Structures are given as C-alpha cells and as structure tokens.
Amino acid sequence: MKITQTELPGVLIIEPTVHRDARGFFVESYHADRYSAVPGLGQPFVQDNQSRSTRGVLRGIHAQKQQPQGKLARVSFGCVFDVAVDIDPQSATFGTWVGCELSDENQRQLWIPPGYGHAFLVLSEMADFQYKCTDFYAPHDEIGVLWNDPDIGIEWPISDPVVSDKDARLPSLAALRNVSGS
C-alpha cells in the first residue's frame, strides 16, 4: 500500500496493492490492521455509503459541523474527480483544495479527515462511488460550500456539471466564514 500526503494536512491518497492477472484483479479495499497503522486512519468507521451517478454529475461540497465525518472514498466502477476542501476558517490552509482521479482502473482511495468539505464529479458514463464514514450522517448538521466558488477555484475537468438544486444554493466560502464567526 502506497500513501501520499497531499498539501492539506491529513488528506491522503492511498494506493492499495492490486493483484492483476489474465482473469482480472484482486484488491483489499480495506484492512483494519493496515489502515489503522496509517496516522489519522485509526478511527473506527460506522457507516458505509454508495452512490451511482452518470457523467457530469457533481455532488458536494458537503461537510458536517458538529459531527464531522472522516471519509475513505473509492470508486468500484467508473471514474470520478474527487476533491477535499479546507473549510475551517481557523486553518492556515482555509480555502485550499486538493483533487485526484479515483477509478476502478487505478483503485486509488482518498482519505478526507473530519472537518474537510468533500465533493466529486463523475468523469465516466456512470460511476459507483463508495465511502466509509467515521460518524453517522446527520442531516440537521450538514453544511456546504458552492461547488464553483471562485475563492476556492477548483479546476473541475467538466465546466458545466449537473448539480442538485440543494447544491446549487450552497453558500460561498466567504459566507461560511461569516457564519462561523471569523
């Protein structure tokens, strides 16, 4: 397993060992002992989520304020551009984002620690996106940031994504900062 630290503290790109042969491949997508040995990944996971989306669908930027979720994200079918955003106004990297391609071909995973915003954009015709969470989903606690906020400047590989009405109405990073009292 190869671990790459990104420019955001604690956000990791994980490349599990993939065993390929003429029949296809085998990969352990999670192994508690190995993952717990990685700093920051020792938290227990309490919920697994999966979504299926078509090309151009963008979900996010989402987070939870009082019950922040760490997320271990992967793609079991297709390809997405996965993004973590520092939305903590007290952080030195506030407003900074990192992104990477996750696919069934590269088998990469992205670890997004609790407190970061998260979004993904589907690049293939269809994608099954899965993520393990360190806390339960709490709809009353959900916060978010507008996917195309120029103060963040995410370089999305598709310029006109399909977003939900809810995601299209999310506040800007500046508004989130003001709500947080900073």
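Values for this structure:
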item: Residue within the range 85-99 that is closer than 19 Å to Lys2 by Cα and of a type outside the set (Ser, Thr, Tyr) present; result: yes
item: Single unsatisfied condition, Lys132 versus (1) touching a Leu at 6+ places or on another chain (Cβ under 9 Å); (2) closer than 27 Å to Gln5 by Cα; (3) assigned to a helix (DSSP H, G or I); result: (3)
item: Cβ pairs under 7 Å, 6+ apart, first in the range 14-27 and under 11 Å from Asn106 (Cα atoms), second exposed (fewer than 10 other Cβ atoms within 10 Å of the Cβ) and among the charged types (D, E, K, R); result: Glu15/Lys2
item: Residue count for the range 1-36, restricted to those that are under 23 Å from Val98 (Cα atoms) and hydrophobic (A, V, I, L, M, F, W, C); result: 7
item: Looking only at the range 3-47, and only at residues there that are of a type in the set (Asp, Glu) and part of a loop (DSSP other than H, G, I, E, B), the one that is surrounded by the most Cβ atoms within 10 Å (Cβ to Cβ); result: Glu28
item: Residue list for the range 138-182, filter: β-branched (Val, Ile, Thr) and not in a loop (DSSP other than H, G, I, E, B); result: Ile143, Val162, Val179
item: All positions within the range 27-56 that are out of contact with any Phe, Trp or Tyr (no Cβ under 9 Å at 6 or more places or on another chain) and closer than 21 Å to Glu142 by Cβ; result: Gln43
item: All positions within the range 65-92 that are closer than 27 Å to Leu123 by Cα and among the basic types (Lys, Arg); result: Lys71, Arg74
item: Test: Leu102 is closer than 20 Å to Ile3 by Cβ and either assigned to a strand (DSSP E or B) or under 13 Å from the mean Cα position of the chain (by Cα) (or both); result: yes
item: Some residue of the range 62-77 being surrounded by fewer than 16 Cβ atoms within 10 Å (Cβ to Cβ) and free of Cβ contacts under 8 Å to residues at least 40 places away in the same chain; result: no
item: Residues of the range 96-131 classified as buried (at least 19 other Cβ atoms within 10 Å of the Cβ), under 14 Å from Ala63 (Cα atoms) and not aromatic (Phe, Trp, Tyr), total; result: 5
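Every number in this text was worked out from the coordinates using simple rules, so none of it is lab data. Here the structure is a predicted model, which means the values were calculated and not measured. As a convention, Cβ positions derive from the backbone with ideal geometry for all residues, glycine included, and neighbour counts pool all protein chains shown.
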